[in-house]
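Colleague: Quick one: this structure, given as structure tokens, is what I'll be asking you about.
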Amino acid sequence: MVASSQPLASMAGIEILKQGGNAADAAVAVAAALNMTEPCSTWIGGDAFCLFFDAKSKTVKGLNASGRAPAALNIEFLAEQGITGRLPPTSPHTVTVPGAAAGWVDTLEQFGTMDMSNVLAPAIRLGEEGFPVSPITARSWDRGIPKLKNGPHFEEMLLNGRAPRAGEVMRNVNLAKTFRTVAEHGKAGFYEGRIAEEIVKVLEPMGGVMSLDDLKNHYSTFPRPITTNYKGLDVFEIPPNGQGITALIALNILEEYDFSVVPHGSTKHMHTLIEAMRLAFADSRWYVADPDVTDVPVEELISKEYAAKRRKLLDPEKATVDVAKGSPVSGSDTVYFCVVDGMGNACSFIISNYAGFGTGIIPKGCGFTLQNRGFGFSLDPEHPNRLEPKKRPYHTIIPGMLMQDGELYAPFGVMGGFMQPQGHTQVVVNMVDYDMNPQEALDAGRFCILDGQSGGKVHIEDEISVEVMSELAGMGHEVVPCSGWRRGIFGRGQIIHRNPVTGVLTAGSEPRSDGCAIGW
């Protein structure tokens, strides 16, 4: 079964499963097809993360395919350029080394069974023969035109000088060519040779300092997933530099609350979850950084003892909008999708440009834009997530995996910048505390602290009653009601649940996107 935000991408995964591929093989096929069909959210010019459940060993394995800052980039250099406080979101200096291509290769080598040429074939076909553009993608594409014009070669991403409209057929022959190069030459096809040269060439005139060596020396890592148990379910996330730890902190805080007598969508339900997220963000926005460069107190942050301390700060009667980070140690745009194969393996995969088309900067003839993940760095020299050479930034994209009693329960995820750990938390609570099936858990109304700051405004979907919104405002929350197209800020999730007894798969696909879940 495959669940993604684009039907054609889900079908690409099914095609690979029908050929005998496993969940990892199908996941890479889906990722590549999403590059074609939803480029305003994801491209090979971005980063990726993966959690893989191995049905034989009953273990969850992790892949961090995020890129690093160029070796020549640092805070002092930016200050000399007059850049202080925060990087501009589309600056060439926000371009970190794209990690997705290496991530695809590593996913197949570590977890998969098929070769890259077969796995990329469905996406290459879409690029060369064309695909109908879906409604939400068409709108996002049109809104992204100013960003595409941030650099040269923007005409490569347009149809007759404009964004393709819903139902029109779009081709991306250049991206298909890039995929053929990766299929033939693997990592070297992307990080060396023509594609690497075009990345450096497009950035250099803009003042970028990325070098061919930065690209050639890129590598993925395979971190041990971090986990906590929430009321009988083991919840797995990728460790920092990703923000999955935020969801684990929040779930640990929520674990002691009995929601059986609290109606879903009620003031008490919403307030409790919002406050737990505020506490979690207060910690993660300070402590989450690249653990290869900065010491991150992961085990302390996700300990039950630390959660007990933080839980005491949750006031049931009022919002705490100025919550400070704790002391755990004594003394953005994205696509998420998941696959479960017939052998019981599962792949939870996420890949992203970051904000829409990323920087909008297009290497000539390559068919993709470059991400702006470096925007996630702090320029504060004292911050753990400060910009440093060859360092990975705070990353918003996070895949999730659930196990119960040593068996696969569900791969799951909710994409969307700082919405992601909030979406993970709300979906898990929906399934565990409110006994919702995957589709119900995704359909339910959500809240979003949009900027991921502990004191941020709380955006709430119109499924939540006006009365509840009013009561939350009275408790001190700055509430922003959301409906229509604005509901896009609540992320787009996918879930596939596996019954451990029968092996039957039950999926849910995000109603706020164009996608679907498909079984075979």
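The values are calculated or read from the model by the stated rules, or taken from the named source; none is laboratory data. Being a predicted model, the structure only gives us computed values, none of them experimental. Cβ sites come from the backbone with ideal geometry, for glycine too, and all protein chains shown count toward neighbours. Side chains included, ligands, DNA and RNA excluded: accessible areas come from the protein's heavy atoms. Shrake-Rupley method; radii C 1.70, N 1.55, O 1.52, S 1.80 Å.
Colleague: Using only the Cα atoms of the range 131-243, what do you get for the radius of gyration and for Dmax, in Å?
Modeller: 19.3, 55
Colleague: Any chance you could look up the accessible area of MET436 with a 1.4 Å probe, heavy atoms only, rounded to 10 Å²?
Modeller: For MET436, the solvent-accessible surface is approximately 40 Å².
Colleague: While we're here: For n ≥ 4 DSSP H runs only, could you compute -39500 (n - 2.57) per run for the chain, divide by its residues and tell me the 222 nm figure to the nearest 500?
Modeller: -10000 deg cm²/dmol
Colleague: For a quick protection proxy, order the peptides 23-32, 412-421, 459-468 by their average other-Cβ count within 10 Å, most packed first.
Modeller: Highest to lowest by the protection proxy: 23-32, 412-421, 459-468.
Colleague: What area, in nm² and to one decimal, does the C-alpha convex hull of the range 1-148 cast on average over all directions? Write down the numbers at each step before the final one.
Modeller: Values: hull surface 45.0 nm².
Computed as one quarter of the Cα hull surface, the answer is 11.2 nm².
Colleague: Run the quick spin-label model on GLU478 and GLU382: label points 7 Å from Cα toward the beta carbon, then report their separation in nm to one decimal.
Modeller: 2.4 nm
Colleague: Jot down the radius of gyration and Dmax of the range 267-386, Cα atoms only, both in angstrom.
Modeller: Taking only Cα atoms of the range 267-386, I get Rg and Dmax of 19.0, 57 Å.
Colleague: In the range 83-146, if every C-alpha pair distance is counted and binned at 5 Å from zero, what percent goes to each bin?
Modeller: Calculated over all Cα pairs of the range 83-146, the distribution is 3, 12, 12, 13, 16, 19, 14, 7, 4, 1 percent.
Colleague: Compute the accessible area per residue over the range 463-517, keeping the other protein chains in place, probe 1.4 Å, unit Å².
Modeller: 46 Å²
Colleague: With the Cα gyration tensor of the range 438-520 in hand, convert its eigenvalues to equivalent ellipsoid semi-axes via √(5λ) and list them largest first in whole Å.
Modeller: 31, 13, 12
Colleague: Measure off 7 Å from each Cα along the Cα-to-Cβ vector at ARG194 and ALA79, then give the distance between these two points in nanometres to one decimal.
Modeller: 4.3 nm
Colleague: What do you reckon, how do ASP258, ASP234, ASP380 stack up by accessible area (1.4 Å probe), largest on top?
Modeller: ASP258, ASP380, ASP234
Colleague: Let me check I've understood the local charge: for THR227, count other residues with C-beta under 12 angstrom from its C-beta, Lys and Arg +1, Asp and Glu -1. What total comes out?
Modeller: Cβ neighbours under 12 Å give a net charge of -2.
Colleague: What is the extension gain from ALA72 to LYS149, computed as 0.36 nm multiplied by their sequence separation minus the C-alpha to C-alpha distance, in nm to one decimal?
Modeller: Answer, rounded to one decimal: 25.1 nm.
Colleague: Distances longer than 24 Å among the Cα atoms of the range 214-335: what percent of all pairs is that?
Modeller: Within the range 214-335, distances greater than 24 Å cover 32 percent of Cα pairs.
Colleague: Find out how many positive minus negative residues lie around THR359, taking Lys and Arg as positive, Asp and Glu as negative, among other residues whose Cβ is under 12 Å from that of THR359.
Modeller: On the way: positive: LYS147, LYS149, ARG373; negative: none.
Net local charge, THR359 excluded: +3.
Colleague: Another one. In Å², what does the accessible area per residue of the range 11-168 work out to with a 1.4 Å probe?
Modeller: 34 Å²
Colleague: If you don't mind, another one. Would you mind computing, in nm to one decimal, how far apart the modelled labels at ASP295 and ASP451 are, each placed 7 Å from Cα along Cα→Cβ?
Modeller: Here the answer is 3.1 nm between the modelled labels.
Colleague: Ignoring ligands, DNA and RNA, please state the percent of accessible area on the chain from carbon and sulfur, probe 1.4 Å.
Modeller: 50 percent
Colleague: With every protein chain left in place, what is the accessible area per residue of the range 284-403 in square angstrom, probe 1.4 Å? Working shown, then result.
Modeller: On the way: 4180 Å² over 120 residues.
Normalised by residue count, the accessible surface of the range 284-403 is 35 Å².
Colleague: Follow-up. With Cβ to Cβ distances under 10 Å as the rule, what net charge do the other residues near ASP142 carry (K, R +1; D, E -1)?
Modeller: For residues surrounding ASP142, the net value is +4.
Colleague: So what does log10 I(q)/I(0) come out to for the chain at q = 0.06 Å⁻¹, using the Debye formula with one equal point on every Cα and no solvent?
Modeller: With no solvent term, the Cα-only Debye profile gives -0.25.
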